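The block underneath contains the structure these notes are about, expressed in structure tokens.
The values are calculated or read from the model by the stated rules, or taken from the named source; none is laboratory data. For clarity, every value in this text was computed on a predicted model and none was experimentally measured. In this analysis, Cβ positions are derived from the backbone assuming ideal geometry, glycine residues included, and neighbour counts consider all displayed protein chains.
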Amino acid sequence: MRRLMIAMMLAALAAPATAQETGFSPAIEAAIEAVNPRLIAWRRDIHQNPELGNRETRTAALVARHLRALRFDEVRTGVAHTGVVGILRGGQPGPVIALRADMDALPVTEEVDVPFRSRVRTQYNGEEVGVMHACGHDAHTAILMAAAEVLAQRRSEIAGTIMFIFQPAEEGAPDGEEGGAELMLKEGLFRDMRPEAVFGLHVGNQEGGRIFVGEGGMMASADAWRIVVRGRQTHASRPHQGIDPITIAAQITQALQLIPSRQINAVDTPVIISVGRVRGGVRNNIIPDSIELWGTLRTLNADARTDAMARIRRTAEEIAQASGATAELTWDPGNYPVLVNESAATARGTAAIRRALGAELVQPGRPIMGAEDFSFFANEVPGFYFWLGVNAPGVADAASNHSPRFYVHEPALENGLRAMLAVALDRVSPSAFAASETTESAR
């Protein structure tokens with residue numbers, strides 16, 4: 001028996017083994033190394049010159065010039081106001097895929113002390129505000145510009161067509177305007193060229209250089225609502241002669257919090273209902289005619305979203321009716337659906353990123369209650385949206401997105417480029433990955 005066991009061990013040591021290398025072919029690796037300094041330069045330029053939604057004219061012009069210089073087959077501008085769409089057709093037949101980056105900034109005054117800090121100011125909702133890429137869209141745009149350069153250089157080896165979507169107004173269009181992913185689709189983005197899958201990424205305050213992935217509902221729907229409670233105005237000394245909308249609005253505000261905590265199974269799906277703004281009344285001795293409430297509903301499940309919407313309406317209307325008032329609920333037409341990562345696209349995309357970066361840099365991500373209008377694209381075709389950590393080394397508690405102190409550790413962006421290339425090349429040029437090698441284990 002002992003001799004048999006020794007013989008089996010020796011045989012196992014002598015047997016050839018297949019090792020899966022990480023990374024890309026030497027040509028792709030060289031292209032990544034060459035474009036990386038320009039990725040950083042583009043990001044800094046866009047960061048220093050941020051533009052709000054539907055006003056990204058300078059950024060769009062920068063992107064369009066770059067795609068035209070790369071001799072893209074088509075470069076469409078003015079899509080959904082300021083969006084840019086580039087079409088790169090490979091030298092061989094194959095599927096259509098789409099890669100997306102958002103370009104807009106936020107009305108935030110930057111507090112990060114870097115040489116390329118934004119000092120831009122503009123008008124927003126009638127107020128003068130600072131403008132900052134506080135959500136990292138400058139990084140998203142620069143990463144996709146770099147991916148366009150790498151992929152355009154390998155056009156002859158690409159089997160298929162890649163649609164590059166540089167999207168405006170992800171953070172929402174200005175009041176009275178349409179915009180973002182929803183408007184791009186409304187204008188027919190996928191009508192004549194429908195991709196088999198769409199991919200996007202988002203930077204965030206997580207460990208720098210790591211990619212975070214997940215399947216199913218990964219970012220919440222965001223539904224903005226307004227409730228107008230109408231009572232009957234009276235003098236504050238004679239409340240019995242009127243109908244007080246303030247106390248009714250207060251009851252509605254409290255009752256709305258009972259919907260997620262007492263009416264919906266929290267194990268199945270989280271639901272958040274928030275009241276963020278209250279307006280009404282002009283004097284301390286007048287009970288007003290009406291009060292307005294504004295808030296949001298967020299869920300990670302489409303059925304729970306529909307259910308919660310109905311419960312909000314019933315709660316507001318019946319509480320108001322019990323006191324002789326009325327409550328009118330309206331939903332903002334610019335609401336975002338749940339961002340759902342389709343299972344097959346997620347599994348395949350995750351495997352591709354692991355091949356490019358190594359399994360140790362790809363980690364499970366958790367759903368978040370923030371919203372993202374990539375969800376409109378992912379509702380049309382299978383989508384895979386992932387996250388790139390951009391914290392500086394040793395920093396665990398970094399400022400979050402939308403903070404005036406949000407900071408991007410630029411060396412992490414190369415892994416964002418590698419991940420975006422991985423999900424694309426997996427579909428249209430699998431041979432671009434580093435080849436598996438057969439080695440002699442006994443050596």
Query raised in the report: Restricting attention to the range 242-261, does a residue exist that is buried (at least 20 other Cβ atoms within 10 Å of the Cβ), modelled with pLDDT under 95 and not aliphatic (A, V, I, L, M)?
Result: no
Report summary line: Of (1) at pLDDT below 95; (2) surrounded by 15 or more Cβ atoms within 10 Å (Cβ to Cβ), Val408 fails just (1)
Query raised in the report: Among the listed residues Ala396, Ala392, which satisfies the condition of being of a type in the set (Gly, Ala, Ser) and modelled with pLDDT of 95 or more?
Result: Ala392
**Report entry** Criterion violated by Ile291 - all others in (1) modelled with pLDDT of 95 or more; (2) part of a loop (DSSP other than H, G, I, E, B) satisfied
**Finding:** (2)
Requested in this report: Confirm whether Leu185 is crowded, with 21+ Cβ neighbours inside 10 Å and either in contact with a Leu (Cβ under 8 Å, 6 or more places away or on another chain) or in the same structural domain as Gly383 (by TED's automatic domain parsing) (or both).
Outcome: no
Report summary line: Here the residues within the range 301-336 that are at negative phi, in a loop (DSSP other than H, G, I, E, B) and modelled with pLDDT of 95 or more are Ser323, Ala325
Report summary line: Within the range 204-220, residues assigned to a loop (DSSP other than H, G, I, E, B) and within 16 Å of Ala392 (Cα to Cα) come out as Asn205, Gln206, Glu207, Gly208, Gly209, Arg210
Report task. Tell me which residues, restricted to the range 263-288, are within 22 Å of the chain's Cα centre (by Cα), surrounded by 21 or more Cβ atoms within 10 Å (Cβ to Cβ) and at pLDDT 95 or above. Result -> Val271, Ile273
Report summary line: Considering only strands (runs of 3 or more DSSP E) wholly within the range 82-191, the ones with at least 3 residues that are more than 30 Å from Leu425 (Cβ to Cβ), more than 14 Å from the chain's Cα centre (by Cα) and not hydrophobic (A, V, I, L, M, F, W, C) are 121-124, 127-130
Report task. Report whether or not Met132 is in contact (Cβ under 8 Å) with a residue 24 or more places away in the chain, within 22 Å of Phe386 (Cα to Cα) and either in contact with a helix residue (DSSP H, G or I) (Cβ under 6 Å, 6 or more places away or on another chain) or crowded, with 24+ Cβ neighbours inside 10 Å (or both). Result -> no
Query raised in the report: Pick from Glu360, Glu372, Glu414, Glu380: which is assigned by TED's automatic domain parsing to the domain that holds Arg100 and exposed (fewer than 14 other Cβ atoms within 10 Å of the Cβ)?
Result: Glu360
